[in-house]
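The values are calculated or read from the model by the stated rules, or taken from the named source; none is laboratory data. Keep in mind that what you see is a predicted model, and the values were worked out from it rather than measured. Reconstructed Cβ throughout: ideal geometry from the backbone, glycine too, with neighbour counts over all protein chains shown. Quick note on the areas: whole protein, heavy atoms, side chains included, nothing else; ligands and nucleic acids left out. Shrake-Rupley method; radii C 1.70, N 1.55, O 1.52, S 1.80 Å.
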Amino acid sequence: MTETRHLRLFVKGNADIADAALSSADGGAKLDRGVSEMAAASHPGYTISTTVETSAGFAALRQELEDGTSALLVDPPDILVLSVADDVRSLAMRAANPEEAVQAVRADLVAIVDMVKASVGAHILVANASTVDPDDATHNYHGISPDPLPLQAHRLAHMLVKVSHEEGISIIDVDRLIAEIGADGNVQAAMAYSPRACGVIAGEIVRVLEDYGFFDERMLVAQVGAKGGSR
């Protein structure tokens, strides 16, 4: 009998990423098949258990890790999935200057990556956010303050690309995935996605895990960044 291999997925975020990871059977609101079901269907012999914990953004998780109170430290997962959506919503409150606000979020994320790689050992995936907001009709952003949500999402998506290169993490490119299937009807409100969109995001998470070798009889591909940090 083939031994069943078990993977632990920890999702830290709110509805935008939770609904893209969990099936309705596991507590999600939009998918009949979440990451666990998709992985099991494609890779017999592997199971994924998913834990979802709500988030107040990267700063809160950084504080939990520094204080030693994070659930990640109690039962370390194999994969950690984060979302930038909560930081998009609060970006304008981080600093008056948009660039300073982005750098504050970046500092929190880099600290999280360093601590998770050192103490938890999980592979880290971070979802960006769609830059489409059905309620935003802005055509010229010049002189608008604070930045509309689509511009804040764009700023943090650009930051994630740089952090991914330097720190060795993976981006779940929600903005690209939404663009490929079309935002009309699939972005129901800012950073709120349709069942179809959530299914596409879940499939992308599974694809990234496949690329790392989580479902193969081989060593996992390490997450190595330009600065030399890896797991």
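When we screen ILE17, ILE112, ILE48 for residues that are among the hydrophobic types (A, V, I, L, M, F, W, C) and part of a strand (DSSP E or B), the only hit is ILE48.
Regarding the range 207-214, can at least one residue be identified that is more than 14 Å from the chain's Cα centre (by Cα), under 25 Å from ARG8 (Cβ atoms), open to solvent by less than 30 Å² (accessible area, probe 1.4 Å) and in contact (Cβ under 8 Å) with a residue 60 or more places away in the chain? Yes, the range 207-214 contains at least one residue that is more than 14 Å from the chain's Cα centre (by Cα), under 25 Å from ARG8 (Cβ atoms), open to solvent by less than 30 Å² (accessible area, probe 1.4 Å) and in contact (Cβ under 8 Å) with a residue 60 or more places away in the chain.
When the range 57-102 is filtered for residues that are within 17 Å of VAL163 (Cα to Cα) and of a type in the set (Gly, Ala, Ser), the ones remaining, listed by number, are GLY57, ALA59, SER83, ALA85, ALA101. Of the residues making up the range 153-179, those that are in a strand (DSSP E or B), farther than 22 Å from LYS30 by Cβ and not polar (S, T, N, Q) number 0.
Against the test of being over 20 Å from ALA59 (Cβ atoms), in contact with a helix residue (DSSP H, G or I) (Cβ under 8 Å, 6 or more places away or on another chain) and either without any contact (Cβ under 8 Å) to a residue 12 or more places away in the chain or surrounded by 21 or more Cβ atoms within 10 Å (Cβ to Cβ) (or both), the options ILE124, ILE112, ILE172, ILE181 yield a single qualifying residue, ILE172.
On the stretch given as the range 180-231, residues that are outside any helix (DSSP H, G or I) and closer than 15 Å to ILE124 by Cα total 11.
Beta carbons closer than 6 Å, at least 6 apart along the sequence or on distinct chains, pair a first residue in the range 84-95 that is within 11 Å of PRO148 (Cα to Cα) with a second that is open to solvent by less than 50 Å² (accessible area, probe 1.4 Å) for VAL88/ALA129; VAL88/GLN152; VAL88/ALA153; VAL88/LEU156; LEU91/ALA101; LEU91/GLN152. Just so you know, in the range 138-188 the residues that are aliphatic (A, V, I, L, M) and modelled with pLDDT under 95 include one that is nearest to ALA18 (Cα to Cα), and it is LEU149. The set of residues from the range 24-58 being within 24 Å of ALA190 (Cβ to Cβ), surrounded by 15 or more Cβ atoms within 10 Å (Cβ to Cβ) and of a type in the set (Gly, Ala, Ser) comprises GLY28, GLY34, SER55, GLY57.
For the range 59-83, the set of residues classified as open to solvent by less than 10 Å² (accessible area, probe 1.4 Å) and free of Cβ contacts under 8 Å to residues at least 40 places away in the same chain consists of SER70 only.
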